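Visitor: Starting off with a structure, shown below.
The values are calculated or read from the model by the stated rules, or taken from the named source; none is laboratory data. Nothing here was measured: the structure is a model prediction, and the numbers come from that model. All Cβ positions, glycine included, derive from the backbone under ideal geometry; neighbour counts span all protein chains shown.
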């Protein structure tokens with residue numbers, strides 16, 4: 001067995017399809033003295049499949065990361081090689097590991113990152129949206145107000161946006177996306193790289209309907225890719241129907257009242273409808 005240099009090795013593992021593991025990742029896992037896994041029960045079958053049996057397997061998750069970081073640094077300083085893996089994909093990307101890497105860097109310990117599977121990149125590859133600039137927002141907030149606040153803050157984000165979401169939460173998130181982003185394009189990947197890989201390519205306002213029509217949408221982790229805001233497109237975030245109604249009501253009603261009615265009928269963000277109404281009033285269009 002190869003003797004690895006004492007260091008922390010960040011090793012991505014498959015997000016679904018076991019064939020996606022790299023030759024280098026397998027070599028590192030077979031040669032490391034210690035493997036730190038987010039859930040040893042989840043990782044053990046994968047390691048057995050890869051023929052990895054000799055390293056010591058240690059748990060390393062959100063609840064013990066601070067405690068284990070000091071111990072891992074000691075192991076490496078004693079001459080041991082340590083590999084870090086998560087349940088799936090690349091460690092640190094919405095997974096434990098950040099504090100450990102910071103501690104290793106501060107202690108002067110070498111950190112060796114391996115390239116490999118990552119759900120963020122996998123979804124971007126298939127979405128068909130701009131990839132020259134993008135931002136990863138991880139899991140969106142669970143509480144309703146925090147969720148809407150986060151989405152509102154991203155309304156005019158000019159980079160393609162990527163989110164993680166669970167099947168249980170996705171219906172509510174889809175409603176929020178519809179209210180904030182209207183007919184903005186979105187692509188949602190489910191069970192990526194697996195047998196039942198599915199991509200929902202639709203608009204935010206139609207996403208909930210697309211999910212409801214697929215019985216399989218209740219299973220498998222999801223990655224949502226949202227088209228960026230484009231100033232040149234004059235996107236209002238409102239559907240064509242909502243915008244048409246707003247223009248019609250503004251011929252007879254005050255701006256605030258017209259905006260409130262449109263918001264209630266179409267389930268749009270009241271603030272967004274009001275901002276659009278002010279823009280229309282300023283431009284004084286010929287209705």
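Visitor: When you look at residue 108, is it in contact with a helix residue (DSSP H, G or I) (Cβ under 8 Å, 6 or more places away or on another chain) and either at pLDDT 95 or above or not assigned by TED's automatic domain parsing to the domain that holds residue 208 (or both), yes or no? Show your work before the answer.
Guide: Numbers: in contact with a helix residue (DSSP H, G or I) (Cβ under 8 Å, 6 or more places away or on another chain): no; either at pLDDT 95 or above or not assigned by TED's automatic domain parsing to the domain that holds residue 208 (or both): yes.
The answer is no for residue 108.
Visitor: Kindly list, by first and then second residue, each pair from a residue in the range 75-86 that is touching a residue at least 12 places away in the same chain (Cβ under 8 Å) and not assigned by TED's automatic domain parsing to the domain that holds residue 56 to a residue that is outside any helix (DSSP H, G or I) and surrounded by 19 or more Cβ atoms within 10 Å (Cβ to Cβ), limited to pairs with Cβ atoms under 7 Å and residues at least 6 apart or on different chains.
Guide: So the pair list comes out empty.
Visitor: Condition test on residue 35, is it modelled with pLDDT of 95 or more and outside any helix (DSSP H, G or I)? So that I can check it myself, show each step before the final result.
Guide: Values: modelled with pLDDT of 95 or more: yes; outside any helix (DSSP H, G or I): yes.
Yes; evaluated as a whole, the condition is true for this residue.
Visitor: How many of the residues making up the range 250-287 are in a loop (DSSP other than H, G, I, E, B), modelled with pLDDT under 80 and farther than 19 Å from residue 153 by Cα?
Guide: 4
Visitor: Please determine, by comparing only the residues of the range 122-142 that are buried (at least 16 other Cβ atoms within 10 Å of the Cβ) and under 10 Å from the mean Cα position of the chain (by Cα), which one is farthest from residue 91 (Cα to Cα).
Guide: Residue satisfying both the conditions and the ranking: 140.
Visitor: Still on this structure: Among the candidates 82, 101, 56, single out the residue that is surrounded by fewer than 16 Cβ atoms within 10 Å (Cβ to Cβ) and touching a strand residue (DSSP E or B) at 6+ places or on another chain (Cβ under 6 Å).
Guide: Just a single option satisfies the conditions, and that option is 56.
Visitor: Within the range 120-130, identify whether any single residue is part of a loop (DSSP other than H, G, I, E, B) and touching a strand residue (DSSP E or B) at 6+ places or on another chain (Cβ under 6 Å), and answer yes or no. Lay out the reasoning, then the answer.
Guide: As a first pass, look at the range 120-130 and keep what is part of a loop (DSSP other than H, G, I, E, B): 128-130.
When the remaining residues are screened for being touching a strand residue (DSSP E or B) at 6+ places or on another chain (Cβ under 6 Å), the result is 129-130.
Within the range 120-130, one or more residues are part of a loop (DSSP other than H, G, I, E, B) and touching a strand residue (DSSP E or B) at 6+ places or on another chain (Cβ under 6 Å).
Visitor: Same structure, new question: What strands (runs of 3 or more DSSP E) lie completely within the range 143-239 and have 1 or more residues being surrounded by fewer than 17 Cβ atoms within 10 Å (Cβ to Cβ)?
Guide: On the way: elements: 160-165, 185-190, 198-203, 222-226.
The qualifying strands (runs of 3 or more DSSP E) are 185-190, 198-203.
Visitor: Here's something else I'd like to know. Scan the range 85-99 and give yes if some residue there is in a strand (DSSP E or B), over 30 Å from residue 197 (Cβ atoms) and at pLDDT 95 or above, otherwise no.
Guide: The initial filter retains those residues of the range 85-99 that are in a strand (DSSP E or B), namely 85, 89.
Keeping just the survivors that are over 30 Å from residue 197 (Cβ atoms) gives none.
Checked the range 85-99: no residue is in a strand (DSSP E or B), over 30 Å from residue 197 (Cβ atoms) and at pLDDT 95 or above.
Visitor: Of all residues in the range 38-74, which are within 17 Å of residue 111 (Cβ to Cβ) and not in a loop (DSSP other than H, G, I, E, B)?
Guide: Initially, the range 38-74 is screened for residues within 17 Å of residue 111 (Cβ to Cβ), giving 60, 65, 68-74.
Selection gives 65, 68, 69, 70, 71, 72, 73, 74.
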